[in-house]
Amino acid sequence: MRGMLVVIGTALLASGLWFYVTSEPVDNPAIPTDSATGQVAIDTSQKESALPATKTENTPIETFIPTSNRCRQFRYDLNNTKSKFFEQADLTPYLDKGYSADDITLAIILMDSRLSAVRWRDTYRKRFSPINQANKIYGGQIKSDNKGWISRSPFRSNARRRWVLQKARAGEVPVGTLPDALLPDDVATLILNQSISDNTIKQFALALDDINASLGDEQALGILNILDAAIWIGRNDLARWLMKKGVQLQSDPFIGGPLDYALDRLHQLVGMTGSGGKSEDVLRQLAFIDYLIGLGQQAKAASTEDGYFVNNSGYSSYFFKPEGVSSILERFDYNLFAVPKTIPPTKTAKTTQLMEELSAQQQAYVSDNGYATANKKQAQCKDYRANVKHHWKPKFIDVGESEETDKALFNRAPELVSCRRSYLNFKDKNDGRSSEFRPIMASGINGDYSSVASALNTAPEWLPLFTHRMLERWPKRYPELVNMGLISDDLNYLFFDDGITRGLTASTLHKLNESGFDLHTFDRYGRSLLFTAMQAMNLEALTFLVEQNVPYYQPDDAPDPLYQALYFAATRGQEQNAYGIVSQLMSYQPTITQAHLNQMLLLKLRFRQTYNKIIDAFPALASDEDNAVYPTETCAL
């Protein structure tokens, strides 16, 4: 599961979005409450902070009862607080003590997370950028009638961006002093806007006081200068011109550099599977990659054991699946694994010494910010996880393509039936993205029901999907759809919620009811609309349906609503509304089965307080190892 999460996270980075994946911070072995000596400077100015307020002696200490969700949240909050230390600490004095930037970067990586380290290093690399120097001088107070200014960089300031784009489109190169002086960040803004020509950008670049100056530290993580921006966006001819004009190639062993941006551009062209892109465009990009390699550039890439080729250290994040690497090799005779790679500096004795100094400061900071009892809670969570793991060792079953009967799957674990139905329904819903279905939906949205009816006469298999899409998004159109014969007799409430979309809200259900839709209608599987409320664990929707006397259902080969609720609470950990939902469902007086008690036993193990609250109100759901067993199988999600 952990490997899957890493791959998924890296794949999201590779999509070209501007965000980062971080390694999980390592917990410090101890968190003392007394401050260490020689403390680094901490920025104590008032800032918006997610840190917990420090408890006073008179504040009652809340008893910490570990659950999966609480331990997860505690670990997240604790690690976030540790990261805040590095955001607020001034580490530059350590440079004066003889530590190198590499020592500081490695220490942060080993103590906290790669993201905090990369952020610090990126700020350090850009410390002499013109916009940073201007901010130091003017304190971000410069104002202008027609533009915002540099309390944030031009990438982040829409006013500044509009100003420089307006100048470029008018062919007017800014001249003068601040705030009208042209900054490298302004030129980067033009480079990243594809509507601005290379010739215009060249005029602006030549007007810079220093064409090789770095961008501000609030720019995209890792992009150091206008050359990096040109390479990342795919302006390779402009990049060559900038190099001739003196802009230097600058790579970093922790963040990456120009070759990584070129590889990122390749990923944008061909995708993670290597199958996209026009051949001529890809060949030009591969030629530019070879050009950079010829200039001695190396990539901050990693080749994983299972054949992935990835980099997620900054803005140059790319992700090639094994089949993507193979496809590029087959299509263009180019081996990504042969790309030269940087070797980051390794831990030294000085790194260890610095970690010891910083660790004491970080621990004191964490303790002062509400985590004086962190060691105790960590121990509680460790014991809790060990206890859960000892009693509950389910096999995760992929039933998407299973040919077993519903009854056979139900006997193994009731949720397996729902998971298979959800899988099959998700495939059906994906068909709705096809070019054949889109015009039908477009006609329905525009109220052209005659065209919809004509199209569905030719392709009647689209009617169920059309019906559910329309009812879900435009419930008040139900009477019109009835009059036109566009309501399917084959309802399937999975179209409303298949475990991925979030079903019908209470508001939508209310509108359907007002429009004449019979909320008591069962779908093809004999389920009432209680099913959609349970899929989303939506207490508000469930309450409305109960008030409308929507019938309960309890088949012998599929989960009933109570089992759904207990399964989502106990197995999937969605226990926040569990008591309220169970209370509503118990008003139907459902038959309590062994499957219900098994989930209650698991709830007791993982969420004891929620379990106690439920059985106090409904003793029939009380469970122990004498009348129940821990579930042994569940869905592979």
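The values are calculated or read from the model by the stated rules, or taken from the named source; none is laboratory data. These numbers were taken from a predicted model, which means no experiment stands behind them. Here the Cβ positions follow ideal geometry from the backbone for every residue, glycine too, while neighbour counts run over all protein chains shown. For accessibility, only protein heavy atoms count, side chains too; no ligands or nucleic acids. Shrake-Rupley method; radii C 1.70, N 1.55, O 1.52, S 1.80 Å.
Evaluate the distance, in nm, between pseudo-label points positioned 7 Å from the Cα of Val173 and of Thr200 along their respective Cα→Cβ axes.
It is 1.5 nm.
Place a +1 charge on the Cβ of each Lys and Arg in segment 506-617 and a -1 charge on the Cβ of each Asp and Glu, then give the dipole magnitude about the Cα centre in debye, rounded to the nearest 20.
That gives a dipole near 440 debye.
Just name one of Leu292, Phe204, Gly171: the one whose Cα is farthest towards the positive end of the charge dipole of segment 160-304 (beta-carbon charges, Lys/Arg +1, Asp/Glu -1).
Gly171
Listed here are the pairs Lys126/Lys300; Lys97/Lys350; Lys82/Lys393; Lys382/Lys613; Lys278/Lys321; Lys97/Lys347; which of them are more than 22 Å apart at the Cα?
Too far apart for the 22 Å limit: Lys82/Lys393; Lys382/Lys613.
Applying 1/(1 + (r/R0)^6) with R0 = 60 Å to the Cβ-Cβ distance of Ile65 and Met484, what FRET efficiency is obtained, to the nearest 0.05?
0.60
Placing unit charges on C-beta atoms (Lys and Arg positive, Asp and Glu negative, everything else neutral), compute the dipole magnitude of segment 190-331 about its Cα centre in debye, rounded to 20.
The dipole magnitude comes to about 420 debye.
Based on alpha-carbon atoms only, what is the radius of gyration of segment 480-559 relative to the globular estimate 2.2 N^0.38 Å?
Normalised Cα radius of gyration, segment 480-559: 1.07.
Carbon and sulfur: what percent of segment 172-315's accessible surface (1.4 Å probe)?
Roughly 46 percent, rounded to a whole number.
Work out Dmax and Rg for segment 191-251 from the C-alpha atoms and quote the Rg first, both in angstrom.
Computed over the Cα atoms of segment 191-251, radius of gyration and Dmax are 10.7, 28 Å.
Using the beta-carbon distance between Ser587 and Asp626 and R0 = 25 Å, what value does 1/(1 + (r/R0)^6) give for FRET efficiency, to the nearest 0.05?
In this case the efficiency is close to 0.35.
Is the shape of segment 376-447 rounded, prolate or oblate, going by the alpha carbon gyration tensor and its root eigenvalues a ≥ b ≥ c, with a/c under 1.5 for rounded and a/b larger than b/c for prolate?
oblate
Tell me, in nm to one decimal, what length is gained between Glu323 and Asp281 on full extension, where the rule is 0.36 nm per residue of separation less the Cα-Cα distance?
Extra length from Glu323 to Asp281 when fully extended: 13.1 nm.
Give the residue from His390, Gly485, Pro439 lying farthest towards the positive end of the charge dipole for segment 355-500; charges sit on Cβ (+1 for Lys and Arg, -1 for Asp and Glu) and the dipole is referred to the Cα centre.
Projecting each Cα onto the dipole axis, the largest value belongs to His390.
Taking the Cα centre of segment 388-510 as origin and charging only Cβ (+1 Lys, Arg; -1 Asp, Glu), how large is the dipole, in debye to the nearest 20?
600 debye
For segment 245-339, just say rounded, prolate or oblate: build the C-alpha gyration tensor, square-root its eigenvalues into a ≥ b ≥ c, call rounded for a/c under 1.5, and beyond that prolate if a/b exceeds b/c, oblate if not.
oblate
Amide H to amide H under 5 Å from Ile397: which residues, 5+ apart in sequence or cross-chain, H placed 1.01 Å off N in plane?
Thr634, Cys635, Ala636
Checking the a/c ratio against 1.5 first, then a/b against b/c, what shape does the Cα gyration tensor give for segment 498-637?
Prolate.
Counting only protein heavy atoms and a 1.4 Å probe, tell me what percentage of segment 402-531's accessible area is made up of carbon and sulfur.
Heavy-atom surface of segment 402-531 belonging to carbon and sulfur, 1.4 Å probe: 50 percent.
Could you tally the net charge around Pro345, taking each other residue with its Cβ under 10 Å from the Cβ of Pro345, Lys/Arg +1 and Asp/Glu -1?
Net of charged neighbours comes to -1.
Sequence-distant or interchain residues sharing an amide H contact under 5 Å with Ala372, placed H: which?
Amide H to amide H, under 5 Å and 5 or more residues apart or across chains, Ala372 pairs with nothing.
Using the beta-carbon distance between Leu165 and Ala506 and R0 = 41 Å, what value does 1/(1 + (r/R0)^6) give for FRET efficiency, to the nearest 0.05?
0.35
If I stretch the segment between His390 and Ile445 completely, what's the gain in nm (0.36 nm per residue apart, minus their alpha carbon distance), one decimal?
My answer for the length gained is 14.5 nm.
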